[in-house]
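Some notes on the structure that comes next.
Rule-based calculations on the coordinates, nothing more; no lab input. None of the values given here were measured: they were computed from a predicted structure. No Cβ is skipped: glycine too gets one built from the backbone with ideal geometry, and neighbour counts run over all protein chains shown.
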Ligand code: AMP
């Protein structure tokens, strides 16, 4: 029995029945191979065995021959298939040979991509819906023609690219950028936090496409997930592409690496002398990251080798690679000096030097208060594990040496978070903190005021975040009284707490009592009369 594997039976609720029918029919008459593949065709479209795939390609070949495509194939094996099916008297419909013998699709049913009739089958090559073998053959011819066109387009693209790679590159403002008004550009810079100094600084780009990079580089950017430039890239790339000297500063993680790598890549692309660029990084880790990013961006560009010269890794392979006509060196200063001292390597061909300082902007540490030593150790570990921030704990079990070390570490920006018990927090008075977190609410208002006061000292503003729960319920009303006047929005759970209302009511009662016992102008006569009356009774 011939089974046209080039077309797979589409699965719909009705066809589940036809799957069963086919299997039944096959198990009574077909070969084992046919049974298996046919069952797979019905059961899970697109996951055939290699045997069935082989058959499929055979059939596809026949169908894609233009002369035989429409009729030849359908006439020969299918005629037989039709016959068999008829003879068997099975419930199964034979696969339609011609488009005209297929019905039109009902609303919601799949539609043949060629003729628009009911797309009863799925083409195994393209996963598109087709109605018959005739349309499948046409569909494959169309697909082949499209692929051919695409290939020739790509060929033209690569010729254009080769031309682009061979002609000198000069950066000029893209027409879109030129079309912007001065105040639009200033507004954009203001909104993006771009501040520049210097003479005739070019306008920032808004898209990578504004740079006129070769297509390979544009694709590499897309493949790395760089859809739009970050603000530092918007401003730095055009300046770098103009070959100007730049001193740039932006936060860690703001895309600085690509901001200097892209101009470096464009500059060294047509350089014949090697090495042409040197990128210095303070740490091995950073150098490795830079090289990884450089390789991603340089992929597919001709003669763009890099070498990593960093300490902590064996020197000979690095030296060997350095001598292989590398375009870009990425190095840590120590290892570079070591190599320069030892070997005959000359760096006079270097035209571009980038120093990636990576000095973190000073970020004041966060001070977190907890109520016990164990809490401090546990929370410090947890915060470090989850956020990667440099954390330490401060409590009474720390020796004096450790305490001094922590304090020094804080001042030298070694720690980003310190978790401390309340009393020890007083030792940290010197530290400039912007954020205090009362992870455990202290047991007295005095302590609370002292702790939140660590944030924003010396006239600077700061923030305090306080976690409260029923353990500190006796302080609810005091906290509200203290915090509300600062304009802080308090959580409704606190404001609606019955404890708070109880405390407020009691306070008001106490006040009333106090007021009634106080001597004022209004009640002085009443007090005297009451006093006289008591005396005369005695
Ligand atoms: P960096 O500040 O250079 O260390 O970059 C931080 C991260 O942002 C790195 O993982 C980069 O791959 C990524 N990155 C840089 N520029 C872009 C961009 N334009 N779009 C998306 N991701 C970027």
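General observations
- Virtual spin-label span in nm between residue 537 and residue 218, 7 Å along Cα→Cβ: 10.2
- FRET efficiency for residue 199 and residue 386, using Cβ-Cβ distance with R0 set to 51 Å, rounded to 0.05: 0.60
- Reduced Cα scattering model of the range 394-538, Debye log10 I(q)/I(0), q = 0.10, 0.11, 0.18, 0.20 Å⁻¹: -0.54, -0.61, -1.07, -1.20
- Linear extension gain, residue 246 paired with residue 127, 0.36 nm per residue minus alpha-carbon span: 37.6 nm
- Residues of the range 194-229 with amide N under 11 Å of a point placed 7 Å along Cα→Cβ from residue 254: 194-196
- Separation in nanometres of the label points that stand 7 Å from Cα toward Cβ, at residue 144 and residue 319: 5.9
- Cα principal axis extents for the range 184-314, largest first, Å: 51, 31, 29
- Two-site FRET efficiency, residue 461 against residue 337, from Cβ-Cβ distance with R₀ of 35 Å, rounded to 0.05: 0.15
- Going from the residue with the fewest nearby Cβ atoms within 10 Å to the one with the most, 196, 368 rank 196, 368.
- A straight chain from residue 344 to residue 439 at 0.36 nm per residue would run longer than the Cα-Cα distance by 28.3 nm.
- Placing pseudo-labels 7 Å out from each Cα toward the beta carbon at residue 528 and residue 511 gives an inter-label distance of 3.0 nm.
- Note on residue 474 and residue 295: the extension gain reaches 58.3 nm, defined as 0.36 nm multiplied by sequence separation minus the Cα-Cα distance.
- With all pairs of different C-alpha atoms in the average, the Kirkwood value for the hydrodynamic radius of the range 308-408 is 18.0 Å.
- In terms of other Cβ atoms within 10 Å, 358, 526 run from fewest to most in the order 526, 358.
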